[in-house]
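Working notes, structure below.
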């Protein structure tokens, strides 16, 4: 039963990551549509503004939920190497995001580039984990 709770936190993490991954894609879409002079629907803009406004909180929820997912799976199921890799990347991403928020100028721009790069690596890590969820050391 406890593995279902761990799985729930994994799903919460994935939902958060989908929102975080959508943010830069939606920003690019907005820019493209504005260049073409097209109007964006109010519903779409509402979702976009919500994602922009809550980006940091969504990231914090993602880090906390992946921590709980990892801890529960580690204690009650097994150690997943692919899961540990994805979780470690997400922890690095969270640290970069929090550190970047306190920086200004060129240093912030460099951190933002690293933040985006790690985001792509997280996506690859999560896909790898979903393909090979039990690639690891069985418990007991």
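Throughout, read-outs are computed from the coordinates displayed, never taken from laboratory work. This is a predicted model, so every value here is computed, not measured. Counting neighbours? That spans all protein chains shown, and the Cβs are built from the backbone with ideal geometry, glycine included.
Once the piece of chain linking residue 25 and residue 61 is laid out straight, how much longer is it, given 0.36 nm per residue of separation minus the C-alpha distance between them? Don't skip to the answer; put the middle values down first.
Details: separation 36, 0.36 × 36 = 12.96 nm, distance 2.06 nm.
Extra length from residue 25 to residue 61 when fully extended: 10.9 nm.
Beyond 13 Å, what share of the Cα-Cα pairs of the range 1-68 is found? Please give it as a whole percent.
Details: 1546 of 2278 pairs.
Looking at the range 1-68, the distances longer than 13 Å represent 68 percent of pairs.
List the relative contact order of the range 76-140 as a percent without decimals, with contacts defined as Cα pairs under 8 Å and 6+ residues apart.
Details: 58 pairs, mean separation 42.5, N = 65.
Here the relative contact order equals 65 percent.
In degrees from 0 to 90, rounded to the nearest 10, what is the angle of the helix 105-131 Cα long axis to the longest principal axis of the chain?
For 105-131 against the chain, the angle is about 50 degrees.
Can you tell me the 0 to 90 degree angle between the C-alpha axis of helix 81-100 and the longest principal axis of the chain, rounded to 10?
Its long axis makes an angle of about 40 degrees.
Looking at the chain, what % of the alpha carbon pairs are farther apart than 25 Å? Could you put the intermediate results ahead of the total?
Details: 3506 of 9730 pairs.
Within the chain, distances greater than 25 Å cover 36 percent of Cα pairs.
Which order, highest average first, do 95-105, 119-129 follow once you tally other Cβ atoms within 10 Å for each residue and take the mean per peptide?
Descending packing order for the listed peptides: 119-129, 95-105.
For the chain, what is the mean residue ellipticity at 222 nm derived from helices alone (per DSSP H run of n ≥ 4: -39500 (n - 2.57); sum divided by total residues; nearest 500 deg cm²/dmol)? The partial results should precede the final answer.
On the way: 5 runs with 115 residues, N = 140.
Value at 222 nm, helices only, nearest 500: -29000 deg cm²/dmol.
With the contact rule set at Cα under 8 Å and sequence spacing of 6 or more, what percent relative contact order holds for the chain?
Numbers: 122 pairs, mean separation 43.4, N = 140.
Dividing the mean separation by the residue count of the chain yields 31 percent.
For the Cα atoms of the chain, what angle does the longest principal axis make with the long axis of helix 55-76, in degrees from 0 to 90, nearest 10?
10 degrees
How far apart, in nm, are two points set 7 Å out from the Cα along the Cα-to-Cβ line at residue 45 and at residue 121?
Going by the 7 Å Cα→Cβ label model, 3.8 nm.
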